[in-house]
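What follows is a set of notes on a single structure, which appears directly below.
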Protein chains: 2
Amino acid sequence: MTQAGSNAFSGSAQVPAPDGGGQPGRLMRAEIYEQPAVWTRLLHEGRDAAVRAAAAFRAAEPTQVVLLARGSSDNAAIYGQYLMQIGLHLPAALATPSVHTVYGTPVFPPGACVLAVSQSGASADLVQTLAAARQAGCLTLSITNDPASPLAVGAEAHIPLLAGPERSVAATKTYTSELLALWMFTRAVGGEQPDVPDLATLGEQVLESADSACRLLAERLTGIRRLLAVGRGYAYASAREAALKLMETSYVMTQGLSAADAEHGPVAVLDPQTPLLAFASQGPGTASMASVVAAARAAGAPVEVIGDGTLAGDSLPALLPTDVPPALAPLLEILPAQLLALELAVLGGNDPDRPRGLSKVTSTM
Amino acid sequence: MTQAGSNAFSGSAQVPAPDGGGQPGRLMRAEIYEQPAVWTRLLHEGRDAAVRAAAAFRAAEPTQVVLLARGSSDNAAIYGQYLMQIGLHLPAALATPSVHTVYGTPVFPPGACVLAVSQSGASADLVQTLAAARQAGCLTLSITNDPASPLAVGAEAHIPLLAGPERSVAATKTYTSELLALWMFTRAVGGEQPDVPDLATLGEQVLESADSACRLLAERLTGIRRLLAVGRGYAYASAREAALKLMETSYVMTQGLSAADAEHGPVAVLDPQTPLLAFASQGPGTASMASVVAAARAAGAPVEVIGDGTLAGDSLPALLPTDVPPALAPLLEILPAQLLALELAVLGGNDPDRPRGLSKVTSTM
């Protein structure tokens, strides 16, 4: 179908965002390939904001972090939850906004920092909850792609994503820049220099390897209606975000689960028409993937692995380098999943830039 | 198919658990119909344990609650999270066990109470995390169906479910008794007498109305492979638990989401072959269901509503009474979903008592 344009973008981080119209998925593809350049910009130009937010955090000496997010940003927040607990030994949990906005009972742990993560910075329930947190005496921080947004302005410190306008409805570059902003912030809180790894080169390499591999996989999987995406630890966020991308662009009903939760029932849905998409790169999380993979094999389900070769799957080659720190793997391992969602959508005759029934800013209360 | 046995159980709370073998779903059906009697037993015989756990809680003056659970119990824990935040204005969050067991970094908020919820009381990751919490100085509590289990013995106070042996792999009576134990505990912590509402009669009425209605709905939905289950607030737990039941017994790929999260992408999967199952009883959560229902209508998806008539669906009549306190609705609204999962499984030629690839106690680390 419309795959001809993809090579033109491969390895190039300077693709201008095209106008709407044209080939289905044109915006999403361009934004997927823009990611390495966005990361480089954020690592350099966002560094001061991350350090300032970390300084505010250290001065306030919060006892824990409450993350506040929806949609793709909620998946980034899950990554942040693991990062802060594992990296900083700091308790971190996700907020339940409806407790505030639907039931009218704002409750925040004493001494908590409330950190909102949002592409638009405009979702009404998050704005309202962040304001309640600030009024309750919590330190409030935010990470958004719009420094003029209510969440950016309403927080005591803000880290901008610097990702440029995101025009595809499916978030790609803002998701990975949220991951990176959370990583930079956490490093700075930990007193480490938010150093500048060469993530852009790694990202370009992964995109280049994944480009044709994911198109071939999409051809192999064309027509599937269901999929189970599984990861563990840091990769749990990747499984959830892959599921969201697949649902919103190619309408494949996908559940994104941790390996442990998958074993408590959901693995029963696996069958020859319901593949397992496993995230497995080096790191302690991957060991617990083995029994989910065994369940998939026993059910005759295709096993597709996005990883560094630690775990063998049916189709994809090792797409990730083996020497990536586990905490940074989520930035890279989501790239093939984004491409898979895009290719499946396009092969299915859908335009992932304009998913049915969705708009870019979702306003919920 | 094998629906003949169901009327024999209707309205009777004294059905003895049959031996394995025989009709598919015999154990699950018996345990579904046992629930009103189990609730009555727990309300009476479990009251002292709930009061003792609440006394230990009040003495320790915890600043917040961390809930620790997996599978169906994790869905009960989500209910507990809403209950404690809305009812007690007490911050409550779900633990991420892999942070402890996979990454080896136990982190608990200062002054937290850690409450484990588990049918078996034996899951290795929960046992290990609860022990770490106790060693870190947290008050530890547990709710299990086995007073001799490691989680029961390892916690400073324990509330037994008193549900009797659960022999179906799919948890039904232990799920609702976990909800009820959490409600009794929360009431007692709030200083209210854990009074004894006539839940059993309500439960029997719901089961009686739902029995044939859910069988008819299952016939209507036979062959479906995907479903989106949505609730808000307290009913978010019901949506997740309905999804788990449908996945593990009838292998229907079901996502259980809050209405707000559903709008951030997943509603795109709705189509004429992918129904929406909406939980909607009176209470502030239901208002935000309207836009999800509108999205389903626009996509041509069947809309099936488990509720009290507040929101109209395509097939099911109003199955719930309108005067149930919102915090108790989850006990009742899951009953039709359990029956639907059972009937869909049996109509599909599966035995929900022995789902493929699952065993009763799942041990994960």
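Which of (1) more than 7 Å from chain B (Cβ to nearest Cβ); (2) touching a helix residue (DSSP H, G or I) at 6+ places or on another chain (Cβ under 6 Å); (3) open to solvent by 20 Å² or more (accessible area, probe 1.4 Å) is the odd one out, the single condition A:Y79 does not satisfy?
(3)
Checking the conditions here, which among B:A301, B:A287, B:A278, B:A260 is modelled with pLDDT of 90 or more and farther than 19 Å from B:E343 by Cβ?
B:A301
Quick one: B:T274 ticks every box in (1) open to solvent by less than 10 Å² (accessible area, probe 1.4 Å); (2) closer than 23 Å to B:A69 by Cα; (3) facing chain A (nearest Cβ under 9 Å) except a single one, so which number is it?
(2)
Between B:A268, B:A218, B:A243, B:A200, which is surrounded by 22 or more Cβ atoms within 10 Å (Cβ to Cβ), farther than 25 Å from A:L94 by Cβ and not polar (S, T, N, Q)?
Sole residue among the options that is surrounded by 22 or more Cβ atoms within 10 Å (Cβ to Cβ), farther than 25 Å from A:L94 by Cβ and not polar (S, T, N, Q): B:A218.
Have a look at B:Q85, B:Q135 and point out the one that is in contact with a helix residue (DSSP H, G or I) (Cβ under 9 Å, 6 or more places away or on another chain), in the same structural domain as B:A54 (by TED's automatic domain parsing) and among the polar types (S, T, N, Q).
B:Q85
A quick yes/no check of all residues on (1) closer than 24 Å to A:G46 by Cα; (2) of a type in the set (V, I, T):
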residue	(1), (2)
A:A155	yes, no
A:T176	yes, yes
A:L179	yes, no
A:F185	yes, no
A:G203	yes, no
A:A213	no, no
A:R220	no, no
A:G233	no, no
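What pairs can you find where one residue is in region A:89-107 and more than 7 Å from every other protein chain (Cβ to nearest Cβ) and crowded, with 21+ Cβ neighbours inside 10 Å, the other is modelled with pLDDT of 85 or more and not in a helix (DSSP H, G or I), and their Cβ atoms are less than 6 Å apart, with a gap of 6+ or different chains?
A:A92/A:V65; A:A95/A:V66; A:A95/A:L68
Restricting attention to helices (runs of 4 or more DSSP H) lying wholly within region A:16-109, give those where 1 or more residues are more than 24 Å from A:G203 (Cα to Cα), among the small types (G, A, S) and at pLDDT 95 or above.
A:47-60
Would you say A:A341 is in a helix (DSSP H, G or I) and more than 29 Å from A:M84 (Cβ to Cβ)?
no
Of everything in region B:114-140, what is within 21 Å of A:L88 (Cα to Cα) and open to solvent by less than 30 Å² (accessible area, probe 1.4 Å)? Give them in sequence order.
B:V114, B:T129, B:L130, B:A132, B:A133, B:C138
Looking at the structure I just gave you, is A:E208 open to solvent by less than 30 Å² (accessible area, probe 1.4 Å) and of a type in the set (D, E)? Working first, answer last.
Values: open to solvent by less than 30 Å² (accessible area, probe 1.4 Å): no; of a type in the set (D, E): yes.
In short, no.
Restricting attention to region B:230-271, and to residues there that are closer than 19 Å to B:T176 by Cβ and among the basic types (K, R), which single residue is nearest to the other protein chains (Cβ to nearest Cβ)?
The extreme case among them is B:K245.
Would a scan of region B:54-61 turn up a residue that is within 15 Å of the chain's Cα centre (by Cα) and not assigned by TED's automatic domain parsing to the domain that holds B:A237?
Start the filter on region B:54-61 by keeping residues that are within 15 Å of the chain's Cα centre (by Cα), which leaves none.
No - not one qualifying residue is present in region B:54-61.
For region A:159-182, indicate whether the set of residues that are open to solvent by 10 Å² or more (accessible area, probe 1.4 Å) and under 20 Å from A:R58 (Cβ atoms) is non-empty.
Checking region A:159-182: not a single residue is open to solvent by 10 Å² or more (accessible area, probe 1.4 Å) and under 20 Å from A:R58 (Cβ atoms).
Quick check: is even one residue across region A:60-70 open to solvent by 10 Å² or more (accessible area, probe 1.4 Å) and more than 30 Å from B:S258 (Cα to Cα)?
yes
The values are calculated or read from the model by the stated rules, or taken from the named source; none is laboratory data. Since we're looking at a predicted model, the values are computed, not measured. For neighbour counting, all protein chains shown are included, and Cβ atoms are generated from backbone atoms with ideal geometry for every residue, glycine included. Each accessible area value is taken on the protein alone, full model and side chains, heavy atoms only, with ligands, DNA and RNA left out. Shrake-Rupley method; radii C 1.70, N 1.55, O 1.52, S 1.80 Å.
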